[in-house]
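Below is one structure, written out as structure tokens; the observations come after it.
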């Protein structure tokens, strides 16, 4: 199979919203997180999990966990693994919940009302993931 044919097959393998998640996972795995872990100064590092902001070494550890999550997401979407449907749904719901928690706990969060739009967006993506069983083959 040629590179062009393989790329065409990859693009047709998933709907546009899922393709966006796949590209985001690739970006996070191969560009952002290596920079975040190995180059970004410790004093500037911040990671958010479940809406709780971590800094310093805790953030570096969180970045390693994010690297594993996005690496698994990249592989899962690339191979269209059946576990990716549930994994992405759970992670997207975690982001939606985290939006609310962060908006309430952090003074920069703007309150729960400010979190409605992004939380609704991530909840909608989680719903689409849950309904996407037909796209995953193995």
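Remarks
- Restricting attention to the stretch 55-80 and to residues that are at pLDDT below 95 and surrounded by fewer than 16 Cβ atoms within 10 Å (Cβ to Cβ), the residue that is nearest to residue 17 (Cα to Cα) turns out to be 78.
- Test: residue in the stretch 24-34 that is crowded, with 17+ Cβ neighbours inside 10 Å, touching a strand residue (DSSP E or B) at 6+ places or on another chain (Cβ under 8 Å) and either free of Cβ contacts under 8 Å to residues at least 60 places away in the same chain or over 30 Å from residue 137 (Cβ atoms) (or both): no
- Residue that is nearest to residue 26 (Cα to Cα), among those in the stretch 39-54 that are without any contact (Cβ under 8 Å) to a residue 40 or more places away in the chain and exposed (fewer than 15 other Cβ atoms within 10 Å of the Cβ): 39
- All positions within the stretch 119-137 that are touching a residue at least 40 places away in the same chain (Cβ under 8 Å), farther than 14 Å from residue 17 by Cβ and surrounded by 13 or more Cβ atoms within 10 Å (Cβ to Cβ): 136
- Options 111, 51, 76; residue that is under 30 Å from residue 12 (Cβ atoms) and in contact with a helix residue (DSSP H, G or I) (Cβ under 8 Å, 6 or more places away or on another chain): 76
- Considering 137, 104, the condition of being farther than 20 Å from residue 28 by Cβ, in contact with a helix residue (DSSP H, G or I) (Cβ under 9 Å, 6 or more places away or on another chain) and not in a helix (DSSP H, G or I) is satisfied by 137 alone.
The values are calculated or read from the model by the stated rules, or taken from the named source; none is laboratory data. Note that the coordinates shown come from a computational prediction; the quantities given were computed from them, not determined experimentally. Positions of Cβ are generated from backbone atoms using ideal geometry, with glycine treated the same way; all protein chains shown enter the neighbour counts.
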